[in-house]
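Rule-based calculations on the coordinates, nothing more; no lab input. Just so we're clear, the structure is a prediction, and the values are computed from it rather than from any experiment. No Cβ is skipped: glycine too gets one built from the backbone with ideal geometry, and neighbour counts run over all protein chains shown.
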Amino acid sequence: MAGLTKSDIGGFLARQGILVAFALFIIGFTLANARFLAPDNVMGVVRSSAILGVIALGVTFVVISGNLDLSVGSMMSFSTIVVLDLHDKIGPALAIPAMFAMTLCLGAFIGFLVGYLRLNSLIVTLGMLSAIHGLTLTYSGGKNMDIADKEGTWFGVFGQGELLGIPVPILLFVLLASLFGLVLSKTPYGRKVYAVGGNGTAATFSGIRRARIVFACYIISSFCVATAGLIQASRSLGSQNTVGQGLELEVLAAVILGGASLLGGSGTIFKTVIGVLILGFIQNGLLLVGLQFYVQFVVTWVIIILAVWLDVAAKRGKLWSTIA
Amino acid sequence: MQAGTLSSFLKRGAIWGFIVLELIFFTVAGEFLSLSDKAFMDVDNMLLLFKQSAPIGIIAMGMTIIMVNGNIDLSVGATYAISAIVLLDSMTWPVFAGLGDWVIPISWGLALLTGILLGALNGLIVWKTGVDAFIVTLGSMLGYRGLVFMYNGEQPTSHLNWTLVDFAEAQFLGLHTATWFLLIVTALIWLLMNRTVHGRNAYAIGDNRTAAINAGIRVGPHMMINFVIIGFLAALSAVVFYSESGSVNPNDGELYELWVITAVVLGGTKLTGGAGSIVSTFGGVLAIQLLRKGLAHIGADTETVNLVIGLILIAVLFLDRQLNIKGKEELKV
């Protein structure tokens, strides 16, 4: 190997480690079970990852701007319940925009608190997790929501429909991923998000309105959550109040797996999509080789820590931390 | 009195003022709205309040040190569940069959040891890999929960030992066993934070890590000890609670980390580290439990509790920041 030194390999592994691990993982599971890479299985994985994926797109913006959003899980429960309830009251055509408006209001509230009032995003969204959960339960009275006439509505198209042979949830995921990927990498707004997350003070001094940027990140996040809620509601046409519970941490795991730093300033939409797919394929692969669903929790744990460890180690140039 | 001391007094006393407000509000509102004839400030009701505060409260004491030290632990709920399963399951192991009630201290020991090991694992990873504690414990929150499920599938683990139930339901000087545990843990952690080198150093590290390192404080071992303590306390909380209830579901303890963090933040501990007090955390725990009980007392739906607590948490954060801004401006003058 001319010219390829040990540190080059190490550096490559550290930078693209997550992709290498993903590739090894897929090869391993394909050897274990040939059905793993069958088109219908792959389609199934992507389809079931779509809800998580759509939310992860918005959370990527928030994380890059140096903040957190722990409220996405309960916010998705909220939008799912609201759209199902309004569906029977005012019809699907009005219910969907109404639900989007309500969810965006929640996002705007969080954005106002974190962006303009500069409150700690972890605590604010922790509080909102609890508050929105309470709001959802108050709205629904604690009952499950169901659409009365499940046969006679076109509402199911977002979760169950297909266009040109591709399931609509996947289409929505790809569409939003491309859109937000472009926004993040090709627009001035995207550059400002990185600037605010990388060094908020420097960004402020260079004339970027930090508050406005952060506010917009939360609006984007809540828009993604509303879309995910729409897919969820449309797929099952009925829902419990806790449908999104715990999702915030899975989403965060996907974003971190994709390599976004929680300190802000780094990460891309593409990497987040990879993170989402890794989680989805791990889940699916473990099920296919006959393991229980909870084994994936343990595997995810190990993978998250290894991924972030590699990332941190590459940045400091040492495997072990320098903490005395 | 100077303005600076006033604001610091406000900050320190705020949680107790809030508790007094809650008591007054629920007593008065209870007169008009409550369906039961019992007064809210009933002695039995208040004793029960302490007892019910114990599971969250014991863990919150550990979380206070962790947060003062500048870290966070999201895995306490899962640690709580694993320890509970070890406690109940180990009592049925054939190895201990001949021991009679002597199995109780052994099971307690095993459960507590589990908590210590899981905490130590978190601490070791945070120390040696240098990955942020938020990410490490986010991962182990999933991982430990997976271990809970792997232990016994999706079945609940149940075992009632009546000696243990009697012990857990006993009242000594009027207070329940769980309350005593909460009070003892609070006292011990207070001593640890305020009267030992470890406590001093934990504050120093959380306040300014670089300065602490330059002063010759070894950051790693202190973080490690704190994670061991919170693992131990999560296990202790499980031991106290499940000795009485005798049955644990694999989902038990979910969202505990959120309640615990809420209590600690209500008590005024900073997420950024370096500031926080055990006594205020105790106040935060009581305030949350009062709110839950009080809202139930005046006939509000249980779901309102989540709404109210979430909004209060945000309001506290806002007020705290306003007070801090004032303090900083005075410093400039």
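At-a-glance table
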| read-out | value |
| --- | --- |
| Table column - 3J(HN,Hα) (Hz), segment B:82-91, Karplus curve with 6.51, -1.76, 1.60, x for Gly and Pro | 4, 4, 4, 5, 4, 4, 6, 6, 5, 5 |
| Potential lengthening between B:Phe32 and B:Phe96 on full extension [0.36 nm per residue; Cα-Cα distance subtracted] | 17.5 nm |
| Per-residue [θ]222 nm for chain A (sum of -39500 (n - 2.57) over DSSP H runs n ≥ 4, rounded to 500) | -24000 deg cm²/dmol |
| Per-residue Cβ neighbour rank within 10 angstrom, fewest leading, A:Met128, A:Met102 | A:Met102, A:Met128 |
| Gained length - B:Thr302 relative to B:Asp166, 0.36 nm times residue gap less alpha-carbon distance | 46.0 nm |
| Residues B:Leu88, B:Leu47 arranged by fewest to most Cβ contacts within 10 Å | B:Leu47, B:Leu88 |
| Per-q log10 I(q)/I(0), chain A, q = 0.07, 0.12 Å⁻¹ (Debye; single scatterer per alpha-carbon; no solvent) | -0.30, -0.86 |
| Alpha-carbon centroid distance for the pair segment B:53-118 / segment A:114-145, whole angstrom | 31 |
| Label-to-label distance, nm, for residues given as B:Met46 and A:Ala101 (7 Å Cα→Cβ offset) | 5.0 |
| Pairwise label distance in nanometres, A:Val20 with A:Ile166, each label 7 Å out on the Cα-Cβ vector | 3.2 |
| Inverse of mean 1/r across different Cα pairs in the protein assembly as shown, Kirkwood, Å | 26.2 |
| Residue order, fewest to most beta carbons within 10 Å, for B:Val185, A:Val83, A:Val251 | B:Val185, A:Val83, A:Val251 |
| Shape box of segment B:37-325 [Cα atoms, principal axes, largest first, Å] | 56, 51, 36 |
| Among A:Gly275, A:Gly91, A:Gly290, residue whose mean-square fluctuation peaks in a GNM of chain A (springs only between Cα atoms under 10 Å) | A:Gly290 |
| Two-site FRET efficiency, A:Phe205 against B:Gln322, from Cβ-Cβ distance with R₀ of 35 Å, rounded to 0.05 | 0.90 |
| Cα-projected label distance for A:Ala108 with B:Ile213, points at 7 Å along beta-carbon direction, nm | 4.5 |
| Residue-averaged 222 nm ellipticity for chain B, from DSSP H runs of 4+ at -39500 (n - 2.57), nearest 500 | -26000 deg cm²/dmol |
| Pairwise FRET efficiency - B:Ile24 versus B:Val279, Cβ, R0 = 25 Å, nearest 0.05 | 0.70 |
| FRET efficiency, 1/(1 + (r/R0)^6) with R0 60 Å, evaluated for A:Leu175 and B:Leu175 via beta carbons | 0.50 |
